[in-house]
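The values are calculated or read from the model by the stated rules, or taken from the named source; none is laboratory data. Fair warning: this is a prediction, and the values are worked out from it, not measured in the lab. All Cβ positions, even for glycine, are placed from backbone atoms using ideal geometry, and neighbour counts span all protein chains on display.
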Amino acid sequence: MGKRNFVGIAAVLAGIIAGCTPASDSSPPTGGPATGGQTRVEAPTAPKMAALDPEQVRKGQVVFAENCVACHQEGGKGKPGVAPSLTDKEFLTFASDRFLYDTIRDGRTDTQMPPWGESLKEDQINAVIAYLRSHAQQPSRAGEVEGDRTAMGDPRLGKRWFTQICAGCHGPNGEGYAGEGSGTAIGKPGFLNKASDGFIRAIVKNGRSNTPMHGFQGPAAVASLTDQEIDDIISYLRVIE
Ligand code: HEC
Ligand code: HEC
């Protein structure tokens, strides 16, 4: 019980942190106009796209071309089995700046994604995030997913769903490409230590356009999972070895 409360608080804190940018000193890619007060007040039903500094986007494009394009491909569109898409609309909508920043800084151990914290400066990482964000087609929902509830599923059932539905692409233990999969290493700490339950839930429900990752909820889904089944899978991922 105490643990659950703590996790709940952590999730709320994560939501608050996600609303901030990793480095507020160098024209953050989201969180208001860096270039002056031209923000228009919009109806709450039509959230506006975050303002991006074109100079920073250009700088980020150079960082991307020099360091990332070989794996993540032209425009960050990705290539299953090589490196994932960084520009599909769901990814950009649900991934927080914190998730992007920390993933780029630390890379993902046990995968081909190298850590960039040594070779790129903080402002170069922020610039490359701004470049990725320049592909966004819809406003960020990162704050919403980061504040979403902690999964409370049954890991034993989750293992069953995972093995039946996910393992074919993500590898038998979520080891990703190393398990001959087209999907990323969602069973490894490099992903799990940075991804919130809300983020995982949102991707599983909605999928990622123009990649083999289809959504698993709704009439168009290949296999439609209930909220509980998705929570079962997340709970399994949290204990996967
Ligand atoms: C047909 C293959 C396929 C299946 C089946 C599949 N995935 Fe994926 N999944 C992918 C690919 C491919 C990506 C990365 C998208 C890309 O390559 O750009 C991905 C990405 C993800 C991500 C985001 C990971 C990250 O690195 O940010 C999550 C979470 C995820 N999948 C969960 C699941 C779960 C849970 C299931 C089972 C319910 C599942 N996937 C089934 C192919 C698949
Ligand atoms: C040597 C190939 C390689 C290079 C170079 C590389 N990446 Fe990656 N990247 C990967 C792979 C492979 C993954 C997925 C790892 C996994 O299975 O979880 C990944 C994952 C990511 C993710 C998480 C994406 C997701 O779907 O959750 C981000 C963000 C990312 N890379 C950004 C970058 C940036 C920015 C650069 C350049 C500074 C870069 N990468 C350079 C191979 C690479």
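Observations on the model:
- Residue tally, condition in contact (Cβ under 8 Å) with a residue 24 or more places away in the chain, assigned to a helix (DSSP H, G or I) and under 19 Å from LYS89 (Cβ atoms), over the stretch 62-77: 3
- Flag if THR87 is assigned to a loop (DSSP other than H, G, I, E, B) and within 30 Å of GLN228 (Cα to Cα): yes
- Test result for GLY81, within 10 Å of ligand 2 (Cβ to nearest atom) and either at pLDDT below 95 or among the basic types (Lys, Arg) (or both): yes
- Residue within the stretch 193-216 that is without any contact (Cβ under 8 Å) to a residue 12 or more places away in the chain and among the small types (Gly, Ala, Ser) present: yes
- Looking only at the stretch 86-109, and only at residues there that are within 13 Å of ligand 1 (Cβ to nearest atom) and over 21 Å from ASN210 (Cβ atoms), the one that is surrounded by the most Cβ atoms within 10 Å (Cβ to Cβ): SER96
- If you filter the stretch 137-185 down to residues that are surrounded by fewer than 17 Cβ atoms within 10 Å (Cβ to Cβ) and aliphatic (A, V, I, L, M), you find that the one that is farthest from GLU241 (Cα to Cα) is MET152.
- Residue in the stretch 113-127 that is within 15 Å of ARG208 (Cβ to Cβ), among the hydrophobic types (A, V, I, L, M, F, W, C) and surrounded by 15 or more Cβ atoms within 10 Å (Cβ to Cβ) present: no
- Candidates are the residues of the stretch 66-85 that are small (Gly, Ala, Ser) and touching a helix residue (DSSP H, G or I) at 6+ places or on another chain (Cβ under 9 Å); the one that is farthest from ligand 1 (Cβ to nearest atom) is GLY75.
- Scan of the stretch 136-172 for residues that are within 21 Å of the chain's Cα centre (by Cα), more than 13 Å from ligand 1 (Cβ to nearest atom) and of a type outside the set (A, V, I, L, M), ordered by number: GLN137, GLN138, PRO139, SER140, ARG141, GLY143, GLU144, GLU146, GLY147, ASP148, ARG149, THR150
- Of all residues in the stretch 193-241 being within 7 Å of ligand 1 (Cβ to nearest atom) and under 22 Å from ASP154 (Cβ atoms), the one that is surrounded by the most Cβ atoms within 10 Å (Cβ to Cβ): ILE233
- Looking at ILE125, ILE165, just one residue is more than 8 Å from ligand 2 (Cβ to nearest atom), in contact (Cβ under 8 Å) with a residue 40 or more places away in the chain and not hydroxyl-bearing (Ser, Thr, Tyr), and that residue is ILE165.
Yes/no per residue for (1) out of contact with any Pro (no Cβ under 7 Å at 6 or more places or on another chain); (2) farther than 29 Å from MET49 by Cα:
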{"site": "GLN138", "(1), (2)": "yes, no"}
{"site": "GLU146", "(1), (2)": "yes, no"}
{"site": "LYS159", "(1), (2)": "yes, yes"}
{"site": "GLU175", "(1), (2)": "yes, yes"}
{"site": "GLY179", "(1), (2)": "no, yes"}
{"site": "ALA220", "(1), (2)": "yes, no"}
